[in-house]
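What follows is a single structure, written as structure tokens, with notes after it.
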């Protein structure tokens, strides 16, 4: 499933089937833990009351698991305790996998306040994992566990420091995103920009919401037919790029448009260039695909 599609609480009652008890890695500053049936109740359900817990269901024989698990571990370290990675070997703990309705691995499921709220299956790119985690953290701020509770004071050495104020418009936008309400998210981002025109988070958020809204109106069959007739059809290529970026295939979209810049000239070339630059802005300079694509665009133009 799409890792940015949030499923609201109540999907699976894990607590009804979890084994109770067990000692765990409860030390302040913990980033990831290995969980068993004996420790699941304490390390996942109880811990999720104070900090989001993201479960990585894996197995030693699973190739895609070896791709995804290091990404999760790296992001857990980067986020410094804002969420906890719980690693569960499905072969050693089949009852947990059955309770969580794991259909395939790798499977990632997020738990907040004792409830399974979101999930995805398969080895997805790091940028999609990052998007998934960001939405979990935004959800947790307004629905229970406070991100960072397990790492209080770890970054600055001051335990009990007050949590940063939550921006109401941005929080409203994130909440709308978790519900799949693109219209509500766009309205919240626009409200933030009306009061603070230079807010980069709102600019980026609105650009991404507008891209998703644009992509949902595209007739994929028509795009394919147009490209079969003419592989350099400008409208079809721009629509395909929107579909690719919205679907997480950012590198492919950028490569295709850079190639089209090379093959076109005049007004057509400028139109493709402007659309590609708008997609750079939609993804943001922090996206790893943007910098190399900017260099490739410059080379294609000059």
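The values are calculated or read from the model by the stated rules, or taken from the named source; none is laboratory data. Model, not experiment: these values are computed from the prediction. Note that each Cβ is placed from the backbone with ideal geometry, even for glycine, and that neighbours are counted across all protein chains shown.
Report whether or not residue 215 is assigned to a helix (DSSP H, G or I) and modelled with pLDDT of 90 or more. Outline the logic, then answer.
Values: assigned to a helix (DSSP H, G or I): yes; modelled with pLDDT of 90 or more: no.
When the stated conditions are applied, residue 215 does not pass them.
Might you let me know whether region 176-191 holds any residue that is in contact with a strand residue (DSSP E or B) (Cβ under 9 Å, 6 or more places away or on another chain), in a helix (DSSP H, G or I) and modelled with pLDDT under 80? Can you show your working first?
From region 176-191, those in contact with a strand residue (DSSP E or B) (Cβ under 9 Å, 6 or more places away or on another chain) are 177-180; that's our starting set.
Keeping just the survivors that are in a helix (DSSP H, G or I) gives 177-178.
So of that shortlist, the ones also modelled with pLDDT under 80 come out as 177-178.
Checked against the condition, which is being in contact with a strand residue (DSSP E or B) (Cβ under 9 Å, 6 or more places away or on another chain), in a helix (DSSP H, G or I) and modelled with pLDDT under 80, region 176-191 yields at least one hit.
Which condition breaks for residue 75 when tested against (1) in contact with a helix residue (DSSP H, G or I) (Cβ under 8 Å, 6 or more places away or on another chain); (2) crowded, with 21+ Cβ neighbours inside 10 Å?
(2)
Give region 71-82 a look and list any residue that's more than 16 Å from the chain's Cα centre (by Cα) and modelled with pLDDT of 90 or more, or say none.
77
Select from region 112-136 the residues that are closer than 19 Å to residue 47 by Cβ and touching a helix residue (DSSP H, G or I) at 6+ places or on another chain (Cβ under 7 Å) and write down the one among them that is surrounded by the fewest Cβ atoms within 10 Å (Cβ to Cβ).
113
Residue 161 - would you say it is in a helix (DSSP H, G or I) and either modelled with pLDDT under 80 or out of contact with any strand residue (DSSP E or B) (no Cβ under 8 Å at 6 or more places or on another chain) (or both)? Full working, then the answer.
Numbers: in a helix (DSSP H, G or I): no; either modelled with pLDDT under 80 or out of contact with any strand residue (DSSP E or B) (no Cβ under 8 Å at 6 or more places or on another chain) (or both): yes.
Answer is no for this residue.
Where in region 46-149 are there helices (runs of 4 or more DSSP H), lying wholly inside it, with at least 3 residues that are outside the structural domain of residue 36 (by TED's automatic domain parsing) and at positive phi? Please lay out each step first, then the result.
Working: elements: 63-78, 94-99, 126-143.
Result: empty, no element qualifies.
What's the number of the only condition in (1) surrounded by 19 or more Cβ atoms within 10 Å (Cβ to Cβ); (2) in contact with a helix residue (DSSP H, G or I) (Cβ under 9 Å, 6 or more places away or on another chain) that residue 45 fails to meet?
Here residue 45 clears every test but (1).
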